[in-house]
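Reviewing the structure listed below.
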Amino acid sequence: MQALAEYNINPYDVHLADITLKEVMDMCMKKKENRIEAGTMKTYRTYYNYLEPLHNKKISSIKAVELQNFIDSLSNLATGTLKRVRSYINMIFEQAMEMDIISKDYSKFIKLPKHKAKIVRKIFTEEEISLLWDNIKELRYADVILILIYTGMRVNELLKLPKSNVDLTKNIITGGSKTEAGKNRIIPIHPKILPLVIKRMENKTEYLIPNKTGKNYYVYNNFRKNEFEMIMSKLGMEHTIHDTRHTFATMITDVSNNESAITGMIGHTNISMTKRYTHTNIEKMRKELEKNKLNCWELSWLFLTFSCILLVYYC
């Protein structure tokens, strides 16, 4: 920050070439702090953190190739997000131009990767779920796929779940990750998968789902490639592993309009996030519930939904 501090004292007597990208970003963020919405500032901070690999580089030394390599390294992000990151970088470099720290704005040469087709989630059909049940003895990890479908847990949450977080007296799982809403949430164990969970609890490791060596939890990528994709292939199904969570979200919102319970079990902060996971809508839920033709499976879901609320408030 020394170079920028000297610039602020005397803009005409400082080695501009020494000012880093981080210093320019800090100054730019400070200028905008009281001029923009809190949500926009939070988004800017996210992009600020993305740029950490370039923080300590002198901004005058950052050329188009380096900026392009940085954007290319974020290929996991959606096209829309990449556009906004690029706009943020443009803003920072424009600021540097105004301050005469750089003489050329290389951020204008950043090219975005070709648009990636949006992944369309497919829920598991009743027939496919039945087929998984039919094969839990023949296919070693088919039970894990069913546990994922009936709990809505993120894959890594379940794979890293310690057995100490499973309470078989109350039939609940305590766990979660990724978001604050997802941490330490209560997840009811559906009666249908309770025997599967009990069986898994018998293993000698500290984890509910140990790997094949029986010494540690199952690493996500290994489980996806060696177990999930193999099972999908053998059963003639076409799904990504994340379809298990989408299936749960759709099932639970099909039979309940208790938004607090739904978001609590899934681990979202609000129902709008859950809607991104579902293939239905609130109006459809209400109409279906009003028909009062729920089968036993659906009634058990309703029971568990409200049991979850009771557990949160009274246990």
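The values are calculated or read from the model by the stated rules, or taken from the named source; none is laboratory data. Since we're looking at a predicted model, the values are computed, not measured. All Cβ positions, even for glycine, are placed from backbone atoms using ideal geometry, and neighbour counts span all protein chains on display.
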Open item on the list: Given the criteria modelled with pLDDT of 95 or more and buried (at least 17 other Cβ atoms within 10 Å of the Cβ), does A96 qualify?
Closed with: no
Open item on the list: I'm told D100 meets every condition in (1) assigned to a helix (DSSP H, G or I); (2) under 15 Å from A17 (Cα atoms); (3) not hydroxyl-bearing (S, T, Y) except one. Can you identify the failing condition by its number?
Closed with: (1)
Open item on the list: If I filter region 100-122 down to residues being crowded, with 17+ Cβ neighbours inside 10 Å and of a type outside the set (G, A, S), which single residue comes out as modelled with the lowest pLDDT?
Closed with: R121
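Just for region 134-157: of the residues that are part of a helix (DSSP H, G or I) and in contact with a strand residue (DSSP E or B) (Cβ under 8 Å, 6 or more places away or on another chain), which one is modelled with the highest pLDDT? First the steps, then the outcome.
Within region 134-157, the first condition is being part of a helix (DSSP H, G or I), and the residues that meet it are 134, 142-151, 155-157.
Keeping just the survivors that are in contact with a strand residue (DSSP E or B) (Cβ under 8 Å, 6 or more places away or on another chain) gives 151, 157.
Working: T151: 86, E157: 91.
Top of the filtered list is E157.
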TODO: Tell me, please, whether a residue that is surrounded by 12 or more Cβ atoms within 10 Å (Cβ to Cβ) and part of a loop (DSSP other than H, G, I, E, B) can be found in region 38-54.
DONE: yes
Open item on the list: I'd like the full set of residues that are in contact (Cβ under 8 Å) with a residue 24 or more places away in the chain and closer than 17 Å to N49 by Cα, limited to region 79-107.
Closed with: L82, K83, R84, V85, R86, Y88, I89, M91, I92, F93
TODO: Output the number of the condition that T250 fails; it satisfies all remaining conditions of (1) within 23 Å of the chain's Cα centre (by Cα); (2) modelled with pLDDT of 85 or more; (3) among the hydroxyl-bearing types (S, T, Y).
DONE: (2)
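When residues of region 190-211 are filtered for being in a helix (DSSP H, G or I) and either without any contact (Cβ under 8 Å) to a residue 60 or more places away in the chain or surrounded by fewer than 17 Cβ atoms within 10 Å (Cβ to Cβ) (or both), how many remain? Outline the logic, then answer.
If we filter region 190-211 for residues that are in a helix (DSSP H, G or I), which is where we start, we get 194-201.
Applying the additional criterion that residues be either without any contact (Cβ under 8 Å) to a residue 60 or more places away in the chain or surrounded by fewer than 17 Cβ atoms within 10 Å (Cβ to Cβ) (or both) yields 194-195, 197-201.
Number of matching residues: 7.
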